[in-house]
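One structure is given below, represented as structure tokens, and several questions about it will come after.
The values are calculated or read from the model by the stated rules, or taken from the named source; none is laboratory data. None of the values given here were measured: they were computed from a predicted structure. Quick reminder, even Gly has a Cβ in these numbers, built from the backbone with ideal geometry, and neighbours come from all protein chains shown. Calculation scope for accessible area: heavy atoms of the full protein, side chains included, ligands and nucleic acids excluded. Shrake-Rupley method; radii C 1.70, N 1.55, O 1.52, S 1.80 Å.
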Amino acid sequence: MGSSSTTLRRLKLGKLKIVRRRLLQHYEHQPFISFLAGLYSCRWKRYQREKTEPGHCCCKWKESVFFILLVATFCLSLVFLYFWGEAKNDYNDFDWYSFKGLGYWFLWSLLILVVVVVMFTYIAILVVLAVCLLSEGQQLYLHWSHKGVMLFVLIFFIAALAVLSNLWGEEWSAVRLSFQVTAPYLHIGSLAAMTLLSWPVALYFVRMNRKLSQVMIVGPYIAVLLVLYLLPLGMYSPCIREKGTLGPKPLLIGHRGSPMLAPENTKMSYEKTIENGAYGLESDVTISYDGVPFLMHDTTLKRTTNVKDVFPNFTNVNAALLPWDMLETLNAGKWFIQKPPFSDMGPLSSEDQQTAMNQSIYKLVDFLRLAGRASKPVIFDLYRPPQDHPYRDTWINRTLEVISEAAIHPRLVLWLSNDMRSVVQSLYPGFQQTLGFKASIADLVLNHIVKLNLPYSEMSQRDISAYAAANITTNLYVISEPWLFSLAWCSGAHSVTTNNIPLLKKMKEPMFLLTPAEYNLMWILSDIVSLFLIILIFVLHWWRERGFSCCPESNVVHDSGLYNTFKTEMDMSISEDSYCRSPPTTPSARPSGEDLGTVVIT
């Protein structure tokens, strides 16, 4: 009698544990699922939601199409966000190009960045909600408002990529180069995303009752996973190198001076460049109508001077068509305070603000004298005057006269213009002959070229090394972002032209610098951890859905009388409970005779 009483108490205790377990299966995720479904589908009530039955797809075919479009929009927005993030180095060029077309200055690059981040965040949240709902076995019903916004975002990014590829296609070179430094870390991020995605993939793989459906689910997933696991075999980065093989840090040349600290191409801008210890100075030279070479990048004066206020009729006139007595009366610094050219400029002191407000157009002769006193090399683009200009055919000669007048040491002049190069070499053999495009080493040596001045998009470690072996150094322009400067450093560039001398000056070593051993360890460990977690997730889902027993047969009670009593009470308890509760979302959570007949004795 005592034994039967003890066994009955154990059965009741087991019954309570099973009931508690089933109640948890019914309700432990209900508030979470309701919240997700409310955000994704605007279905906040329980009876409005539907679970996916075993063997069925996640949603109806129309919703499947919208889910595919949602994933496509997310991928496209991610590509554009990465593209625009890496294009930060050239935001000033984009804003300048927009200024030429629109006629007024605005930081369109920053506005686009904010819009892209907002759109990407919105789409990313919808994707996360969808994946979470799929992970809980819920059907997807994207609300019509989300569908409308998603289609708008999709069209926006398609149009944006098409327009930028057409008007600014060279910027894809920055994206290509960025992979050389970010690929190892993008690889880890992709593995982490695929590992998290394995949860819903494993769930639906296990629940599908047809082999074809299982293959359609897991086949593409495994294919992408294998590509990611083996992708590092094809990766290349000059920043993955043995210790002791890194070359010296590239020298810094101020692009139009220090345009983040002072108005470009002004005396203040070059004085700031010298104060920050730059190696050299870069500028653009135009010749006035009466033969005075001066520093000016734009064709017109409307962006960097107050010509619109002083000489409104000359706002859109080529600057080279104005005489020097008009040019020297213009203010070349107020615009810098009123319309800052860079979004990440630091605050100026009151003294610097006052100095900037009183800058004027800088003459070439004064620029050269300043560089000579500081022993700084100079490099400048020399613009040929337009048609009907008095110095249209003698612009080189006039510039050489001014260089002689400035009395700067010839070795400090990096002569870039390719016009009349042989004449310039014969008259001034001390100039460092510089070429603005790639050529064969034989041609460079024949023409006494000692330096190449190349856009960073043409960066190549192999070419830089080959030129260096022939005593030809390489300068890359315009590099202002740390990641791009790191790549130039690892590639062996001798110098870079930059807008941001203070930032690059602080760098002690390249970013993303790894030894091959460190890279291989990071790659192999990432693959192993990812594979282990994915297998574990698949096994866990298989165990949950197939209802594998975790208890030995010796602990199962076979007493028929006690079993019948327990079964009756359990049926009553579950039937009462199920009156107001939804069924479980997994097959193993459904009441069955086998489940009720197997009771664990504790």
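Residues of region 92-123 being touching a residue at least 24 places away in the same chain (Cβ under 8 Å) and under 17 Å from S145 (Cβ atoms), which ones?
Within region 92-123, M119, Y122, I123 qualify.
With respect to A374, is the statement that it is without any contact (Cβ under 8 Å) to a residue 60 or more places away in the chain and surrounded by 15 or more Cβ atoms within 10 Å (Cβ to Cβ) true? Before the answer, list the steps.
Numbers: without any contact (Cβ under 8 Å) to a residue 60 or more places away in the chain: no; surrounded by 15 or more Cβ atoms within 10 Å (Cβ to Cβ): yes.
Considered against the rule, which asks whether it is without any contact (Cβ under 8 Å) to a residue 60 or more places away in the chain and surrounded by 15 or more Cβ atoms within 10 Å (Cβ to Cβ), A374 comes out as no.
Next up: Evaluate the following for D344: is it at pLDDT below 95 and loosely packed, with under 15 Cβ neighbours inside 10 Å? Write out each step before concluding.
Details: at pLDDT below 95: yes; loosely packed, with under 15 Cβ neighbours inside 10 Å: yes.
Yes: the conditions hold for D344.
Taking the options K243, K267, name whichever one is of a type in the set (K, R) and at pLDDT 95 or above. First the steps, then the outcome.
Numbers: K243 fails: at pLDDT 95 or above.
Going through K243, K267 in turn, the sole match is K267.
Which helices (runs of 4 or more DSSP H) sit wholly inside region 83-190 and have at least 1 residues that are modelled with pLDDT of 95 or more, open to solvent by 30 Å² or more (accessible area, probe 1.4 Å) and farther than 30 Å from P238 by Cβ? Steps first, answer last, please.
Numbers: elements: 91-102, 108-135, 144-167.
So the answer is 108-135, 144-167.
Would you point out which residue out of S213, S237, S258 is assigned to a helix (DSSP H, G or I) and either among the small types (G, A, S) or at pLDDT 95 or above (or both)? Walk me through it before giving the result.
Working: S237 fails: assigned to a helix (DSSP H, G or I); S258 fails: assigned to a helix (DSSP H, G or I).
From the options S213, S237, S258, the qualifying one is S213.
For region 476-493, state whether one or more residues are charged (D, E, K, R), part of a strand (DSSP E or B) and crowded, with 20+ Cβ neighbours inside 10 Å. Working first, answer last.
If we filter region 476-493 for residues that are charged (D, E, K, R), which is where we start, we get 481.
Now narrow it down to the ones that are part of a strand (DSSP E or B): none.
No, because not a single residue in region 476-493 is charged (D, E, K, R), part of a strand (DSSP E or B) and crowded, with 20+ Cβ neighbours inside 10 Å.
Sort out which residues of region 423-468 are farther than 24 Å from S375 by Cα, over 35 Å from the mean Cα position of the chain (by Cα) and without any contact (Cβ under 8 Å) to a residue 12 or more places away in the chain, and write them in order of number.
The answer is A442, D443, L446.
Go through region 244-300 residue by residue and tally those that are free of Cβ contacts under 8 Å to residues at least 60 places away in the same chain and more than 32 Å from the chain's Cα centre (by Cα).
Counting residues in region 244-300 that are free of Cβ contacts under 8 Å to residues at least 60 places away in the same chain and more than 32 Å from the chain's Cα centre (by Cα) gives 4.
Provide a single number: the residues in region 434-452 that are open to solvent by less than 20 Å² (accessible area, probe 1.4 Å), of a type outside the set (S, T, Y) and closer than 27 Å to D93 by Cβ.
We begin by selecting, within region 434-452, every residue open to solvent by less than 20 Å² (accessible area, probe 1.4 Å); these are 434-435, 444, 449, 451-452.
Then drop every residue that is not of a type outside the set (S, T, Y), which leaves 435, 444, 449, 451-452.
From what's left, closer than 27 Å to D93 by Cβ: 435, 449, 451-452.
Total satisfying the criteria: 4.
So which residues in region 140-159 are over 15 Å from L39 (Cβ atoms) and out of contact with any Phe, Trp or Tyr (no Cβ under 6 Å at 6 or more places or on another chain)? First the steps, then the outcome.
Taking region 140-159 and keeping what is over 15 Å from L39 (Cβ atoms), we get 148, 151-159.
Passing the criteria: G148, L151, F152, V153, L154, I155, F156, I158, A159.
Please indicate, with yes or no, whether at least one residue in region 267-282 is charged (D, E, K, R), over 30 Å from M194 (Cα atoms) and in a loop (DSSP other than H, G, I, E, B).
The first filter runs over region 267-282 and keeps only residues charged (D, E, K, R), leaving 267, 271-272, 275, 282.
If we keep only those that are over 30 Å from M194 (Cα atoms) as well, we get 267, 271-272, 275, 282.
Subset that is in a loop (DSSP other than H, G, I, E, B): none.
The answer is no; no qualifying residue exists.
Next up: So, M194, is that one in a helix (DSSP H, G or I) and free of Cβ contacts under 8 Å to residues at least 12 places away in the same chain or not? Give the steps one after another, and end with the answer.
Details: in a helix (DSSP H, G or I): yes; free of Cβ contacts under 8 Å to residues at least 12 places away in the same chain: no.
For M194, the condition - in a helix (DSSP H, G or I) and free of Cβ contacts under 8 Å to residues at least 12 places away in the same chain - is not met.
Here's another thing I want to ask about it. Looking only at residues in region 260-308 that are of a type in the set (D, E) and touching a Gly at 6+ places or on another chain (Cβ under 9 Å), which one is most open to solvent (accessible area, probe 1.4 Å)?
E271
Against the condition touching a Leu at 6+ places or on another chain (Cβ under 9 Å), open to solvent by 50 Å² or more (accessible area, probe 1.4 Å) and not in a helix (DSSP H, G or I), how does L246 come out, does it pass?
It is true that L246 is touching a Leu at 6+ places or on another chain (Cβ under 9 Å), open to solvent by 50 Å² or more (accessible area, probe 1.4 Å) and not in a helix (DSSP H, G or I).
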